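Here's the structure, in structure tokens; my notes come after.
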Amino acid sequence: MSQERILTITSIILACWAVIIITWERLFPYRKGLPLFREGFWLDLVWYTIIQSFVLKIVIFDYIIAPLQHHFDWSRFQGVSHWPVALQVLLFFVMHDFYIYWFHRFQHSSKFFWRTHEAHHSGKEVDFLSGSRSHVVEIIINQTIEFGPIILLGASPEVIPIKALIDSMYGMFIHGNIQVRMGKLKYIFNSPELHLWHHANYREVFHANFATKLSLWDYLFGTVYFPGTKPGDRPENWGLYYDYPKDYFLQHAFSVKRFEEKRLLRYKWFRWYYNLRPALLNVFLRRKKPLAPVAESDLTMTTATTEKETVTADTAP
Ligand SMILES: [Zn+2]
Ligand SMILES: [Zn+2]
């Protein structure tokens, strides 16, 4: 089957899956009252899902894996290429899932690598699209380690689009705001009931539920957290416990250098950039209640609030 045909088929399956999950979220929500166009919806869709994915696909495949393949081409060893495609997919699925469990766990325990992962935890409203919110560096590392071996070991060309499809479908599933009872399967396969807890703002889960697709790793290595209750419906029950920017570029800048937006708002250039995002949202979404820009006169109040804050990003993770 040609690559184009596979891509068309996987895209159709993914679109249908998105419709199924969105409908499921409306019918049986895990957390009630979460709107489809929740906070950060457009950030996740436009910046993370469309623009970042498109750019990083080129960077990872053309500028990292292709040169690596030039130097280390092990396909001549015929390691997996003669295996059935399903078995190849299964092998890379399990291998990468095992790797990502440990890398994810490491990101939660290293102050430095936490900065490449906090974006993923920043949403206060988690749904099917939230899985897309991942820092550039996190994606580059994880996808190079995911797709590099598939190409270097000369796996069948179908393996990459099938694997990418499984990633996207599973990502939507575990982040979906859906009520699912997994029964005994919860010991093997990850589910929203475990992963949504991973996005909750509770100390007990800061170092738990690291699995992406196979919850088996959490059970095996003793990091599962499943109290049988839910985190709660209030925004403070979810996401990070410190202030985090809402803008794509500021989120990436924040991972390099910590800053307080409220303090930077005293600079005219920052105020201009800070107000650009709500202004664009007002134009494109034609909001009935437009988002108000921050003006110079608001600053006395925001500086006073800043002084009172005690919890900062430096205390993370
Ligand atoms: Zn995490
Ligand atoms: Zn997640």
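The values are calculated or read from the model by the stated rules, or taken from the named source; none is laboratory data. Quantities reported herein were computed from a predicted structural model and do not represent experimental measurements. Positions of Cβ are generated from backbone atoms using ideal geometry, with glycine treated the same way; all protein chains shown enter the neighbour counts.
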*Which number in (1) within 17 Å of the chain's Cα centre (by Cα); (2) surrounded by 14 or more Cβ atoms within 10 Å (Cβ to Cβ); (3) within 28 Å of L194 (Cβ to Cβ) marks the one condition that K57 misses?*
(3)
_Quick check on region 195-211. Is at least one of its residues of a type in the set (G, A, S) and in contact with a His (Cβ under 8 Å, 6 or more places away or on another chain)?_
yes
*Just name the residue that is surrounded by the most Cβ atoms within 10 Å (Cβ to Cβ) out of those in region 195-241 that are within 15 Å of ligand 2 (Cβ to nearest atom) and more than 21 Å from Y101 (Cα to Cα).*
W238
*asked:* When you check V137 against the structure, is it under 16 Å from the mean Cα position of the chain (by Cα) and away from ligand 2 (no atom under 16 Å from the Cβ), yes or no?
replied: yes
*If you take the residues of region 167-190 that are part of a loop (DSSP other than H, G, I, E, B) and surrounded by fewer than 19 Cβ atoms within 10 Å (Cβ to Cβ), which of them is nearest to ligand 2 (Cβ to nearest atom)?*
V180
_Test result for I13, farther than 22 Å from L285 by Cα and assigned to a helix (DSSP H, G or I)_ = yes
*What residue, among those in region 191-231 that are of a type in the set (K, R) and in a loop (DSSP other than H, G, I, E, B), is nearest to L165 (Cα to Cα)?*
K213
*Would region 232-241 turn up any residue that is out of contact with any Lys or Arg (no Cβ under 7 Å at 6 or more places or on another chain), over 30 Å from A279 (Cα atoms) and part of a strand (DSSP E or B)?*
no
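Using the structure shown, decide if E146 is within 20 Å of A86 (Cα to Cα), of a type in the set (D, E) and either in contact with a helix residue (DSSP H, G or I) (Cβ under 8 Å, 6 or more places away or on another chain) or away from ligand 1 (no atom under 16 Å from the Cβ) (or both).
It is true that E146 is within 20 Å of A86 (Cα to Cα), of a type in the set (D, E) and either in contact with a helix residue (DSSP H, G or I) (Cβ under 8 Å, 6 or more places away or on another chain) or away from ligand 1 (no atom under 16 Å from the Cβ) (or both).
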*Is it the case that W47 is over 25 Å from L220 (Cα atoms) and modelled with pLDDT of 95 or more?*
yes
*region 121-143 - residue that is part of a helix (DSSP H, G or I) and out of contact with any His (no Cβ under 7 Å at 6 or more places or on another chain) and, of those, nearest to ligand 1 (Cβ to nearest atom)*: N142
